[in-house]
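All of the numbers you see were taken from the coordinates with simple rules; none came from a lab. Computed from a prediction, not measured in an experiment: that's the story for all the values here. Cβ sites come from the backbone with ideal geometry, for glycine too, and all protein chains shown count toward neighbours.
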Amino acid sequence: MTPHKDKLIAAINNPKAVDDKGLLEEALKNYELWIKATQTLKSKGDDRVKEMVALLNEYKDLIEVELIAQKGSAFLKRQKGQLKLDNSIMEEFLIHLVHPDILNNLPDFELDKGPHTAFMSLSFRPSSVQSLNEKPEVVIKNKDQDFTLGRTIYYQFSSEASFSSTKTTKGKLFLAALAAECKVNYDKTMNVQELLQD
């Protein structure tokens, strides 16, 4: 998953950012250098994290200060939040932290890492007592998360032990073992309690 790269490419192709196309293409080249440098590190544990943070800070300063703040058009400066050019850097950085040279005891199966619409809750909504003998009405609530570590799981519920197709509801959901929001700025109207509930 490459959330920051995807945002850069979307911005390059955005007709409203035509004045910044060259600058955004330069950002994309620097992105490739940042990722290559991160992936070729030989260190492990805390040392690797420190080196990754140093590379991250160097890249973030280049994008946010040298390119956007100093050279960007008024549109790019005003819309960088909407385009997610800055906070998507953190989203992508977190993906690279999930690495066997940093985290011990990672599972031997592939974990999904990065932004995801993640499972929050599941409930059933029977429309009547009679509907309890029909295909279950499943209601799933999800939330978009900036960073997740998890896996897609599949489910089926039925009003029959044989799971006949006419009385079985099937689906899938993304179950996050870890989910995090990457905020660059907080809305001044938000208080701490609202942030904790978000």
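Go over the candidates Val98, Val49, Val53 one by one and state the one that is among the hydrophobic types (A, V, I, L, M, F, W, C), under 22 Å from Leu149 (Cα atoms) and in contact with a helix residue (DSSP H, G or I) (Cβ under 8 Å, 6 or more places away or on another chain). None of the other options fit; the residue is Val49.
Out of the residues in the range 73-83 meeting the condition of being of a type outside the set (S, T, N, Q) and loosely packed, with under 15 Cβ neighbours inside 10 Å, tell me which one is nearest to Val18 (Cα to Cα). Quick ask: steps written out before the conclusion?
Of all residues in the range 73-83, those of a type outside the set (S, T, N, Q) come to 74-78, 80-81, 83.
Of the ones still in play, those that are also loosely packed, with under 15 Cβ neighbours inside 10 Å are 74, 77-78, 81.
Numbers: Ala74: 12, Lys77: 14, Arg78: 15, Gly81: 17 Å.
Among those that are of a type outside the set (S, T, N, Q) and loosely packed, with under 15 Cβ neighbours inside 10 Å, it is Ala74.
Within the range 25-51, the residues that satisfy the criterion of being part of a helix (DSSP H, G or I), loosely packed, with under 15 Cβ neighbours inside 10 Å and not hydrophobic (A, V, I, L, M, F, W, C) are Glu25, Lys29, Glu32, Lys36, Gln39, Gly45, Asp46, Asp47, Lys50.
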